[in-house]
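> My structure is below; once you've seen it, I'll send some questions.
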Amino acid sequence: MSNSALIKSSIAKKYWMALTGLFLCLFLVGHLLGNLQLIFKTGEEGRRAFNEYAYFMGHNIFIKILSYLTYASILFHAVDGILLTIQNRKARPVKYVYSNPGANSSLPSRWMALLGSLILVFIVTHMANFWWKMKISEEIPLHTYYSQTAKDTVYYTLNKKQISVKDIREKGKIEGEKIFYSAKKFNAYLENEINQEINKARNEAEQTGQNINPLDIEKFKTESMEKYSMKEDELIDEGYKDLHTVVMQFFNKDKNPRAIFYLIIYVISMGVLGFHLWHGFASSFQSLGLNHPKYNKLIKKVGQGFAVIVPFLFAIIPILIFINK
């Protein structure tokens, strides 16, 4: 028996490996459906759809809970797999004199620990390149596009507002995904606008031979500033982070000189994932006691189909981005 604080017996380890493994299979399907938008929808429509999806995944409370459950499942699945491998090796410290593993088990089943470790390395690097930038860092800019209506580049916001980039540059600021009017910048802009109005009135008065009382000018300026100036920063709206552009540029050979290297690593990782799933999917049902002579062949075929189709679709996304630029 193992002294692991996580789980005590090898049966329990296999049980939890199966549960977390099947849950992660569901996660793969959901993640794939979201990523497929990168190739099925193009142009501004595709960009908006993917950025809206990314925003939803990061802000919906139910999805957040599932995300934390997914992170925990990945860690638990990895640690559990390592402990199970160590335990199995300790159980048979002396190898058989004659060993023919190919006769009793498939290649993926014999390399599950190594395959799983490689996948974990990929997940860490993948999260560093996308998840960390999206969630933690400020590297990803907000989604902007050229609006024919506004005749200007505008921020694409959560409430479908069109907020001019020029307007924010002059009067606002951005913190993460939030777009503010800065009290300091807005008031400076307002004062400049008032001064322009005063200068315009003076020019018109000079042309008509009228005199303007300086006290009236000062009163107008003071009253206008008091009426329209901002006392503190004001949140205008929340914008979408432009993860779509980050992904497209990451695998674009013209934008990223390392794109081919990242593409190769990604495709190889999906191949590794496929090998891992080839054995892992069906064995999860067996570990949970859900195997039956009547359905075993079907479960095996479904698992093998899943192991081929899902990693293939994941891999084809960056390949098409790379080819089509």
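The values are calculated or read from the model by the stated rules, or taken from the named source; none is laboratory data. Not measured: the values here are computed from a predicted model. Every residue, glycine as well, gets a Cβ built from its backbone with ideal geometry; the counts of neighbours run over all protein chains shown.
> Give me the pairs, please: first residue somewhere in the range 200-229 and surrounded by 10 or more Cβ atoms within 10 Å (Cβ to Cβ), second residue anywhere and small (Gly, Ala, Ser), beta-carbon distance under 9 Å, and either six or more positions apart or on two chains.
If the second residue must be small (Gly, Ala, Ser), the pairs left are ILE212/ALA201; ILE212/ALA205; ILE217/ALA201; PHE220/ALA201; SER229/ALA183.
> Could we say that TYR181 is at pLDDT 80 or above and crowded, with 17+ Cβ neighbours inside 10 Å here?
Yes, satisfied.
> Please state which one of PHE250, PHE186 is surrounded by 15 or more Cβ atoms within 10 Å (Cβ to Cβ) and closer than 30 Å to GLY58 by Cα.
The unique qualifying residue is PHE250.
> Can you report the number of residues in the range 33-74 which are out of contact with any helix residue (DSSP H, G or I) (no Cβ under 6 Å at 6 or more places or on another chain) and either part of a helix (DSSP H, G or I) or without any contact (Cβ under 8 Å) to a residue 24 or more places away in the chain (or both)?
Summing the residues that are out of contact with any helix residue (DSSP H, G or I) (no Cβ under 6 Å at 6 or more places or on another chain) and either part of a helix (DSSP H, G or I) or without any contact (Cβ under 8 Å) to a residue 24 or more places away in the chain (or both) in the range 33-74 gives 25.
> Being part of a helix (DSSP H, G or I), in contact with a strand residue (DSSP E or B) (Cβ under 8 Å, 6 or more places away or on another chain) and surrounded by 13 or more Cβ atoms within 10 Å (Cβ to Cβ) is the filter here, so list the residues in the range 137-177 that pass it.
Within the range 137-177, VAL165, ILE168, LYS171 meet the criteria.
> Further question: Please work out which residue is farthest from LEU120 (Cα to Cα), limiting yourself to the range 267-295 and to residues that are touching a helix residue (DSSP H, G or I) at 6+ places or on another chain (Cβ under 6 Å) and of a type in the set (Val, Ile, Thr).
Looking at the filtered set, the residue picked out is VAL267.
> Continuing with the same structure: Can you name the number of the only condition in (1) part of a strand (DSSP E or B); (2) on the phi > 0 side of the Ramachandran plot that PHE180 fails?
(2)
> For the range 240-259, which positions are assigned to a helix (DSSP H, G or I) and not polar (S, T, N, Q)?
Matches in the range 240-259: LEU243, HIS244, VAL246, VAL247, MET248, PHE250, ALA259.
Residue-by-condition table, conditions (1) of a type in the set (Lys, Arg); (2) in contact with a strand residue (DSSP E or B) (Cβ under 7 Å, 6 or more places away or on another chain); (3) not assigned by TED's automatic domain parsing to the domain that holds THR42:
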| residue | (1), (2), (3) |
| --- | --- |
| GLN210 | no, no, yes |
| ILE217 | no, no, yes |
| GLU223 | no, no, yes |
| GLU226 | no, no, yes |
| LYS231 | yes, no, yes |
| VAL246 | no, no, no |
| ASN252 | no, no, no |
| LYS255 | yes, no, no |
| ARG258 | yes, no, no |
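> Still on this structure: I'd like to know if the range 193-200 contains one or more residues that are part of a helix (DSSP H, G or I) and among the acidic types (Asp, Glu).
yes
> Determine which member of the set ILE174, ILE217 is on the phi < 0 side of the Ramachandran plot and under 28 Å from the mean Cα position of the chain (by Cα).
ILE174
> From the set of residues in the range 18-59 that are farther than 20 Å from LYS133 by Cβ and among the polar types (S, T, N, Q), which is nearest to the chain's Cα centre (by Cα)?
So, considering only residues that are farther than 20 Å from LYS133 by Cβ and among the polar types (S, T, N, Q), the one nearest to the chain's Cα centre (by Cα) is THR42.
> Does ILE299 satisfy the criteria of being of a type in the set (Val, Ile, Thr) and touching a Phe, Trp or Tyr at 6+ places or on another chain (Cβ under 8 Å)?
yes
> Based on what the data block shows, is ASN88 farther than 25 Å from PRO311 by Cα and either at pLDDT below 80 or assigned to a helix (DSSP H, G or I) (or both)?
When the stated conditions are applied, ASN88 passes them.
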